[in-house]
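Participant: To start, I am sharing the structure in question, which I have written as structure tokens.
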Amino acid sequence: MQKKYSLALGWWAARWIAHIWVIKYFEENNIEINEIAWTSMWAIVWACLAIWKTSKEMEKIISEVKFLKLIDLNFKESLLSGDKVYLLLQDIFWNTLIQDTKIPLKIISTNLETWEKYIFKTWKIIDAIRASISLPSIFKPYEIDWVKYLDWWLNSNLPVLELDWKNILAVSVIREENKKINTHEKIFWLNFKTSFWKYNYKVLKRTISIIMKNNEDFSISIATSQWKNIFLLKPKVWDYEYFDFLKYEEIIKLWYDECIEIDNIKV
């Protein structure tokens, strides 16, 4: 009997690439996805799934991306303009509309003026993705019909509430191991005090993870109270940094064993 689920994908920078292995597992084990919701960078992989691209095709796309060449410094509204990312999206999705995909999609963003959530259920995939990945200060807000949009991750990093199907696979990549933030580090046999910038980067990274974990837990608790079956997958990818895009092969391979948990799900 074929298993059927909806998918809710959490955000965490470069770790989104790992979902290619999740898709490979679905392909090999006859798992059908009938609805997808996400925010931010996950959008690229899951939009590929929605137009029936295979995991092998997706891995080829990722392997050919020159991530450093996607940097287009702006310094006006944000660090990057995002124009080169938009051109990459055009190469992948052309003018495909959300409403024409094989699997129903819900791409989530934030209205910059009203602070309210906006769910793209229609529109061009490339515009909806570009709106959803508008991470404040990194990518400039994306404008559609005179409305500017931002990334929704801070409010709803794991969009289980936006899905209609009862059985939901929710994948969170911010569940970090509970380990102390070191103030010293070893280089060969010598012990050095961690620099001011590196230490505070670690604190900021942990703070963001705490915020996202709390809003994920809140979303899961509300969805559970609505009689939804939430099956939470927590891949152990916490050693990868925000910008480890060039380590995509390592990240992808880490996830396959985690997918074995799906076999234990009863629906």
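Participant: Working with all protein chains in place, sort Trp152, Trp52 by solvent-accessible area computed with a 1.4 Å probe, largest first.
Facilitator: If we order Trp152, Trp52 from most to least accessible, we get Trp52, Trp152.
Participant: Can I ask one more? Within straight cross-link reach of Lys140, meaning Cα distance under 15 Å, which aspartates and glutamates are found once same-chain residues fewer than 8 apart are removed?
Facilitator: Asp72, Glu77, Asp83, Glu113, Asp127, Asp151
Participant: Here is a follow-up. Find, among the trypsin sites (Lys or Arg not before Pro) in the range 35-124, those assigned to loop by DSSP (not H, G, I, E, B) with at most 16 other beta-carbon atoms within 10 angstrom. It would help to have the intermediate numbers written out before the result.
Facilitator: Values: sites: Lys53, Lys56, Lys60, Lys66, Lys69, Lys76, Lys84, Lys102, Lys106, Lys117, Lys121, Lys124; in loops: Lys53, Lys66, Lys76, Lys102, Lys121.
Here the sparse-neighbourhood loop sites are Lys66, Lys76, Lys102, Lys121.
Participant: Can you give me the span-like helices of the chain, meaning DSSP H runs with 20 Å or more of Cα extent along the axis and Kyte-Doolittle mean at or above -0.5?
Facilitator: Span-like helices in the chain: 196-225.
Participant: Tell me, Kirkwood radius of the chain from alpha-carbon pair distances, in Å?
Facilitator: 19.3
Participant: Sticking with this one: Please express the Cα-Cα pair-distance distribution P(r) of the range 137-226 as a list of whole percents, one per 10 Å bin, running from 0 to the bin with the greatest distance.
Facilitator: The percentages, shortest bin first, are 13, 30, 27, 20, 9, 2.
Participant: Rounded to the nearest angstrom and ordered from largest down, what semi-axes does the equivalent ellipsoid of the range 43-97 get from its C-alpha gyration tensor (root of 5λ)?
Facilitator: 24, 13, 8
Participant: Could you compute how fast the range 87-130 diffuses translationally, taking Rh as the Kirkwood radius over C-alpha pairs and applying Stokes-Einstein at 20 °C with viscosity 1.002 mPa s? Give it in µm² per second.
Facilitator: 193
Participant: Would you mind telling me the share, in percent, of accessible area of the chain contributed by carbon and sulfur at probe 1.4 angstrom?
Facilitator: 58
Participant: Shifting gears a bit: Once every Cα of the range 129-187 carries one equal point scatterer and solvent is ignored, give the base-10 log of I(q)/I(0) from the Debye formula at q = 0.24, 0.26, 0.29 Å⁻¹, two decimals.
Facilitator: Relative scattering, expressed as log10 I(q)/I(0), comes to -1.02, -1.07, -1.16.
Participant: Related question: Could you quote the convex hull projected area for the range 54-210, Cα atoms only and averaged over all directions, in nm²? Don't skip to the answer; put the middle values down first.
Facilitator: On the way: hull surface 53.1 nm².
Computing the convex hull of the Cα atoms and averaging its projections yields 13.3 nm².
Participant: Can you work out the accessible area per residue across the chain, with the rest of the protein chains kept in place, probe 1.4 Å, in square angstrom?
Facilitator: 54
The values are calculated or read from the model by the stated rules, or taken from the named source; none is laboratory data. This one's a predicted model, so the numbers in the text were calculated from it and none came from an experiment. Using ideal geometry, Cβ is built from the backbone for each residue, glycine included, and neighbour counts are taken over all protein chains shown. When the accessible area is computed, the model is the full protein with side chains, heavy atoms only, and any ligands, DNA or RNA have been set aside. Shrake-Rupley method; radii C 1.70, N 1.55, O 1.52, S 1.80 Å.
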